[in-house]
Structures are given as C-alpha cells and as structure tokens.
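First the structure, in the form of structure tokens, and then the observations on it.
Only the coordinates and a few stated rules stand behind these numbers; no lab work does. As the structure is a prediction and not an experimental result, all values here were calculated from the model. We place every Cβ from the backbone using ideal geometry, glycine too, and count neighbours over all the protein chains shown.
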Amino acid sequence: MIRVFTGFMNIALFMACFRFLEADARVMYSWQGGRTKFDSERQHAKSGPKPKLSLEDQFFFVCVRLRTKQTLDELEDRFLVDTTTLSRYFTSWINLMYHKFKELLVFPSRRRVDRNMPQCFKSFYPTTRIIIDCTEFFVERPSALSQQQAGFSAYKNHATAKSLLGISPDGAFTFVSNLFEGSISDRDIVVESGLIPLLAHGDSVMADKGFRIQDLLAPHGVRLNIPPFNTKAHQMVPQDVVATKSIASVRIHVERAIKRVKEYRLLSGTIDNNLYDVLEQCVFCVCMLCNFQPALVAW
C-alpha cells in the first residue's frame with residue numbers, strides 16, 4: 001500500500017527520506033509568493049501557529065499528490081485540511097525537497113560508475129558514463145501567442161515542457177536538466193543543459209539516433225554510441241543490424257527509468273498551469289524519488 005500511494009517500496013525507505021529532510025523542514029518558512037524560504041540561523045526560526053499536519057504527514061501528503069494526482073479537493077477530505085493550506089504545504093515541501101535533493105545529485109565520477117557498472121555494459125560498452133534521452137510533459141496551452149509557438153512540440157502535437165534526463169549504467173538518475181520549451185531540439189537541449197562540461201576524455205554517451213551530437217562531444221574526447229542510421233536507398237547491412245540490437249538492449253534502460261517518472265501521475269496527462277511555477281522542481285524531485293526504488297539493471 002505504501003508503494004501505491006508514495007512510490008516507496010516500504011515504510012523504512014519512506015522514513016529514511018523523511019529523516020533526510022526533517023531538520024530543514026523544521027525551520028522552513030511556508031510559501032510566501034516566491035521560493036520556499038529557510039532561516040539561515042535555525043535558532044531564530046519564526047514561530048507561528050501550530051501546523052495542522054505533522055511534518056511527517058505533510059511529507060506523506062506531498063508524496064501522495066505526486067504519485068496519485070489526486071486533486072486538492074479530494075485530498076482535503078482525506079487529510080481534513082483546507083485546500084489553501086494543502087497548496088502551501090505542497091509548494092513549500094517541493095521547494096525544500098528540490099534544494100535538499102540537489103545536494104544528493106552529484107554527477108558520479110568515472111571510478112564510481114565503473115565500480116557499479118552492470119555486466120551487460122561492462123562486456124560491450126565499458127566506457128559508458130551516461131545514457132540520455134529527452135522526455136516531454138504536456139502542459140496547458142499558454143495564452144500568449146509567442147509562448148504558444150515556443151512551447152509547441154511538433155513531435156507530440158501539443159504544448160510541452162521538455163527535459164533531458166540521464167542515467168548511469170546501473171539505472172540511477174545522475175542528470176536532470178532544467179525544463180525547456182517543447183520546441184527545442186534534442187541537439188540544442190544537450191548544449192543548453194550543461195551536460196557536456198561534466199564529461200571527461202575517454203567517456204562515452206549512449207543515446208537514441210536522434211541525438212546527432214558527435215561533433216559536440218568529439219572535441220572533449222567523448223564518444224557517442226547511437227544505433228546506426230538506415231537510409232531508404234540502402235538496406236541495413238548485417239553488422240549494423242547487430243549493432244542496433246546491441247545498443248537497443250541496453251539503451252532501453254533509460255526508457256524504463258523515464259517510465260518510472262511518468263508513474264508519478266502528477267506528471268502524466270496535461271499539467272495544470274497552476275503547477276507550472278513548480279513543475280521543474282516536481283520533475284527533479286520525482287527523478288530523485290525514483291532513485292529510492294530498486295536498481296533497474298541487474299548486476
């Protein structure tokens with residue numbers, strides 16, 4: 001039941017995550033129209049009325065909303081707290097989680113990636129540092145015409161927000177870009193995301209064939225592993241068929257990781273405009289919550 005409503009496999013993992021956040025949550029100011037504010041000196045934290053939910057229950061509420069996409073009206077009946085307060089809880093906690101999880105997401109060193117590399121990568125793609133793919137989130141169409149054009153994704157035929165996500169060979173999220181407008185190309189999002197400076201000479205990046213970025217990686221001594229291209233004029237030669245199947249068999253893990261993200265139903269379907277200001281934080285936090293789940297790739 002805890003997994004259905006929060007995404008955590010068990011109570012122990014839920015509590016471990018809560019304990020990581022608890023100290024800062026105790027000195028967290030509630031949402032005040034900007035980002036969640038923290039007291040730089042905890043002993044001077046503002047006093048105020050006693051919260052209607054305990055901190056643990058507030059965190060549980062946030063996880064439930066992320067996981068199930070229940071409306072605030074529905075959750076008001078379950079938690080017996082008014083929707084205004086629940087909205088404030090959600091925004092405050094999402095910003096807190098965003099800042100705290102940023103401390104956890106450190107791009108792993110080459111040595112750490114090698115130490116945790118599954119055999120399926122070690123045998124055929126031992127220099128893989130990261131497997132990347134883009135994902136898009138449906139958003140309501142903006143009212144401004146210029147924003148409609150920039151945010152429209154021709155691929156999805158809908159207004160979207162787009163993020164570049166990356167996992168290590170063992171399946172953990174190690175890179176989550178900012179959100180970009182849906183019209184941005186895969187090539188441009190790689191440049192704008194800041195991924196390339198994190199890579200080192202001798203690394204390789206695995207991606208889908210749509211990521212034509214070898215010329216961007218080559219000056220850094222980084223190799224790109226993508227499936228071979230097929231043309232209408234020429235049938236794919238046998239070695240290219242083998243290479244395509246080989247890469248697909250391991251690249252599929254980033255698609256599985258993204259599927260885990262979309263299982264947090266708040267990020268599925270069309271996302272309301274009233275969540276847009278915290279959508280980037282929600283995406284990042286969900287990716288980090290996915291890292292609390294069992295490893296995607298067997299060793």
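So if I place +1 on the C-beta of Lys and Arg and -1 on the C-beta of Asp and Glu, and nothing else carries charge, what would the dipole magnitude of the stretch 92-138 be about its Cα centre? I want it in debye, nearest 20.
Its charge dipole is roughly 340 debye.
Pull out the extension gain between Phe5 and Ala295, defined as 0.36 nm times the separation in residues minus the alpha carbon to alpha carbon distance; nm, one decimal.
Here the answer is 102.4 nm.
Could you calculate the contour length gain from Cys120 to Glu22, that is, 0.36 nm times the residue separation minus the distance between their Cα atoms, to one decimal place in nm?
The Cys120-Glu22 span can extend by a further 31.4 nm.
State to the nearest 20 debye the size of the charge dipole of the stretch 91-223 about its Cα centre, where the only charges are +1 on K and R beta carbons and -1 on D and E beta carbons.
400
Using 29 Å as the Cα-Cα cut-off, could you pick out the over-long pairs in Lys100/Lys259; Lys69/Lys122; Lys100/Lys262; Lys52/Lys162; Lys100/Lys162?
Lys69/Lys122; Lys52/Lys162
Measuring from label point to label point, each 7 Å out along Cα→Cβ, what is the Lys156 to Val106 span in nm?
The two pseudo-label positions are separated by 3.3 nm.
When Lys and Arg each count +1 and Asp and Glu each count -1, what net charge do the other residues less than 13 Å away from Asp208, Cβ to Cβ, add up to?
Result for the local shell: +1.
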